[in-house]
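Everything on this sheet refers to the single structure shown next.
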Amino acid sequence: MAEIVTEERYVRQIPIMGVEGIQKLKQSRVFVGRCGGVGGTVINYLIRSGVGHLVCAHGGKIVPEYLNRMQLAYESDVGRPCVDAFKDKTDAINPAAKITYVPQNITEIENLDEILGGVDIVIDAHPLFEERYALNAAALRLGVPMVSGAMYGDEGYVFTIIPRKTACLRCLYPERPKFWNDIKVFPALGMGPGIVGCTMAREAIELLLKGTSPLSGRMMHFDLTDMDFAVLEMPKTTCNH
Ligand SMILES: [Zn+2]
């Protein structure tokens, strides 16, 4: 019965990736840093697509302000550890997905390289530059492709880093932008992180299947205020970070 459900689950993906693609996704392993508005969307779509193994890092407890954008948090979860709330949802979405939850944010993880061992790609869904720089450095150190996404209000962007081939986060932002210090309440409506997360998940699938992706070395940028979407070329300098 379980096998029948599994086959039916992915039948509409066969025209896109074939049975071989579905098998490949089942054997893939992805790290997701932060599982909020952006990362939770990525996780939702990766496990619905049949990615077999995830390692997901997110610290803290569910608070009411998460509920306007986080797909993996419900009102009844307020006060619970985030990873417990997320695990309930992901178990219900696709129990075949093997997910290791790490109840810490990336800057608090001491054995990061160990946790990232064996992953095919990493997903940078972090809101803070300290966290994004930490995963960027780890991805470059380990030679693992990284899909990076971020949003602010109605704006968002996604780009993919192929270590030693395309620009990295440090190439784009050598230092933390100064305006970041002045943000008091980070503006977010659920749709912006949702679009970023969906785009990142699609990038991740393409990377897992083909080893490259449309946004490797390019950036998809959008502004929902005027529904402006654009793909920008990033500098092709070989990264030395
Ligand atoms: Zn760089």
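The values are calculated or read from the model by the stated rules, or taken from the named source; none is laboratory data. For clarity, every value in this text was computed on a predicted model and none was experimentally measured. Note that we place each Cβ from the backbone using ideal geometry, even for glycine, and neighbour counts take in every protein chain shown. For accessibility, only protein heavy atoms count, side chains too; no ligands or nucleic acids. Shrake-Rupley method; radii C 1.70, N 1.55, O 1.52, S 1.80 Å.
Here are the numbers for the structure shown:
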{"quantity": "Complete set of residues in the stretch 145-159 that are closer than 10 Å to Ile121 by Cα and either in a helix (DSSP H, G or I) or within 13 Å of the ligand (Cβ to nearest atom) (or both)", "calculated": "Met146"}
{"quantity": "Conditions (1) within 16 Å of the ligand (Cβ to nearest atom); (2) out of contact with any strand residue (DSSP E or B) (no Cβ under 6 Å at 6 or more places or on another chain); (3) assigned to a strand (DSSP E or B); number of the one not met by Arg164", "calculated": "(3)"}
{"quantity": "Matching entry among Leu169, Leu189, Leu142, Leu215 (being within 13 Å of the ligand (Cβ to nearest atom) and under 19 Å from the mean Cα position of the chain (by Cα))", "calculated": "Leu169"}
{"quantity": "Complete set of residues in the stretch 79-120 that are basic (Lys, Arg) and in a loop (DSSP other than H, G, I, E, B)", "calculated": "Arg80"}
{"quantity": "Number of the exception - Thr199 against (1) more than 16 Å from the ligand (Cβ to nearest atom); (2) in contact with a strand residue (DSSP E or B) (Cβ under 8 Å, 6 or more places away or on another chain); (3) open to solvent by 20 Å² or more (accessible area, probe 1.4 Å); (4) not in a helix (DSSP H, G or I)", "calculated": "(4)"}
{"quantity": "Residue in the stretch 203-226 that is among the β-branched types (Val, Ile, Thr), over 23 Å from Phe129 (Cβ atoms) and surrounded by 16 or more Cβ atoms within 10 Å (Cβ to Cβ) present", "calculated": "yes"}
{"quantity": "Of all residues in the stretch 102-139 being away from the ligand (no atom under 16 Å from the Cβ) and among the charged types (D, E, K, R), the one that is most open to solvent (accessible area, probe 1.4 Å)", "calculated": "Glu110"}
{"quantity": "Residue list for the stretch 63-98, restricted to those being under 28 Å from Ile22 (Cα atoms), in contact with a strand residue (DSSP E or B) (Cβ under 8 Å, 6 or more places away or on another chain) and open to solvent by less than 40 Å² (accessible area, probe 1.4 Å)", "calculated": "Val83, Phe86, Thr90, Ala97"}
